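The values are calculated or read from the model by the stated rules, or taken from the named source; none is laboratory data. Everything numeric here is computed off the predicted structure, so don't read it as measured data. Reconstructed Cβ throughout: ideal geometry from the backbone, glycine too, with neighbour counts over all protein chains shown.
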Amino acid sequence: MVSNKELQEKRMRGYFIEAAKEILKGEGVKALNVRAVSERAGYSFATLYNYFKDLNELTFICVQDFLDECDAFADAQSLGRIIGVERLKIRMKAVINYFTQYPGIFELCFVEKMNDLGSRQSTGRMIFDLTDKIASDDLGAMIADGLISDSQAKIIGMSLRNSIAGMLIFYLNRLQPADYKEFMKIVENQLDSAIGLNEISPDQI
């Protein structure tokens, strides 16, 4: 049975986590600091240290939550779709739409370097594996259907991971292209190129 003390601690941690996530979503990583989080949570900055080792620990938890949100968003966008190529494209576009909706989260996950080495390594691994995780069922179905080999699936996964991060960096950080509709045309073409079964040469297998 969970004690009242444990429930209180969970509740207090939740206040700070939600406050930090609101700042990151609305204002970006540059606005994130102990005082800002504490003020938004409604407590003194000293109270934060009763529940978290430091801001790095809190930020790491936020990253985990955001990646879970992105995964859930892809699930919602692809609900009811047949597992395979078209569903894979829908899920990859969902990843892109999630980060274009929250550029502060993209900056935190893909651009900002965390100060704590341990957090940096574990966070980096989670982010690196994000698209692989979201694409795994569809790529697995394509393998099972004989559309691609295991080697081809790895190539597609790598292409998706790199092209999605690259497109988002250019669009969100450099406004290239400046028009969202043009950006989505590029996204469509890049996804077709990354997933296109006929474009994987035999010497890559």
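Observations on the model:
- Some residue of the range 3-16 being over 22 Å from Q101 (Cα atoms), touching a helix residue (DSSP H, G or I) at 6+ places or on another chain (Cβ under 6 Å) and surrounded by 15 or more Cβ atoms within 10 Å (Cβ to Cβ): yes
- Matching option when the condition is modelled with pLDDT under 90 and not assigned by TED's automatic domain parsing to the domain that holds L24, among T131, T123: T123
- Going through (1) touching a residue at least 40 places away in the same chain (Cβ under 8 Å); (2) assigned by TED's automatic domain parsing to the domain that holds K185 one by one, L58 falls short only on (2).
- Single unsatisfied condition, I96 versus (1) at pLDDT 95 or above; (2) over 27 Å from I195 (Cα atoms): (2)
- If you filter the range 71-86 down to residues that are buried (at least 16 other Cβ atoms within 10 Å of the Cβ) and out of contact with any Phe, Trp or Tyr (no Cβ under 8 Å at 6 or more places or on another chain), you find that the one that is farthest from L191 (Cα to Cα) is D71.
- Filtering the range 1-35 to residues that are assigned to a helix (DSSP H, G or I) and among the hydroxyl-bearing types (S, T, Y) leaves only Y15.
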